[in-house]
Amino acid sequence: MDRLLFIETGFGIDVHGQDVTTAAVRAVRDAIHRNSMPGITHFLPENDLNNMKVTIRLAVPMDKESLDFEKVKAEIPYGTVHIVVMDGGMAAPSGIVLKEKNDKNDLMYIVNASVEVGC
């Protein structure tokens, strides 16, 4: 990305499923769903939204290898999307003890996202 135009942040939680992809998708949605960038096309090559570049940075607490990049990328409607995964987020007890998992705590997976838009 040569020119950074916009950054938004968000977080997502999978309360009981212990699925980092669900939490990551929710984090990206949280970052972008209240925003509109009506003038962005004026800054993009050929004034085309498909020339937008997006970097999604995800702070993931565990199970990084199970993250489905394509599901996360699908949250971005235009441009080329690149995902960077790093340590972070949180795995916290949900307050439920799972008998079927030998009395282990059910965990909430919390993922933080930074969505960078540019060209």
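The values are calculated or read from the model by the stated rules, or taken from the named source; none is laboratory data. A quick note: this is a predicted structure, and the numbers were derived from the prediction, not measured. So basically every Cβ, Gly included, is an ideal-geometry build from the backbone, and we count neighbours across all protein chains shown.
Quick notes
- Among the residues of the stretch 59-99, those that are more than 12 Å from the chain's Cα centre (by Cα) and outside any strand (DSSP E or B) comprise Pro61, Met62, Asp63, Lys64, Glu65, Ser66, Pro77, Tyr78, Gly79, Gly88, Lys99.
- Residues that are within 17 Å of Ile32 (Cα to Cα) and not polar (S, T, N, Q) within the stretch 50-68 comprise Met52, Lys53, Val54, Ile56, Arg57, Leu58, Ala59, listed in sequence order.
- Subset of the stretch 9-21 (residues that are within 16 Å of Ala92 (Cα to Cα) and in contact with a Lys or Arg (Cβ under 9 Å, 6 or more places away or on another chain)): Phe11, Gly12, Ile13, Asp14, Val20
- Of all residues in the stretch 1-58, those satisfying the criterion of being touching a Cys at 6+ places or on another chain (Cβ under 7 Å), of a type outside the set (A, V, I, L, M) and not in a helix (DSSP H, G or I) are Asp2, Arg3, Lys53.
- Inter-residue pairs, beta-carbon under 6 Å, first in contact (Cβ under 8 Å) with a residue 40 or more places away in the chain and in the stretch 49-74, second exposed (fewer than 15 other Cβ atoms within 10 Å of the Cβ) and part of a strand (DSSP E or B), 6+ apart: Lys53/Thr80; Thr55/His82; Arg57/Val84; Ala59/Met86
- Selection count where residues are at pLDDT below 95, surrounded by 12 or more Cβ atoms within 10 Å (Cβ to Cβ) and not hydroxyl-bearing (Ser, Thr, Tyr), scope the stretch 20-43: 3
- Among the residues of the stretch 71-102, those identified as over 23 Å from Phe6 (Cβ atoms) and at pLDDT 95 or above are Asp87, Met90.
- For Asp63, the conditions (1) surrounded by 16 or more Cβ atoms within 10 Å (Cβ to Cβ); (2) more than 15 Å from Val115 (Cβ to Cβ); (3) modelled with pLDDT under 95 are fulfilled apart from (1).
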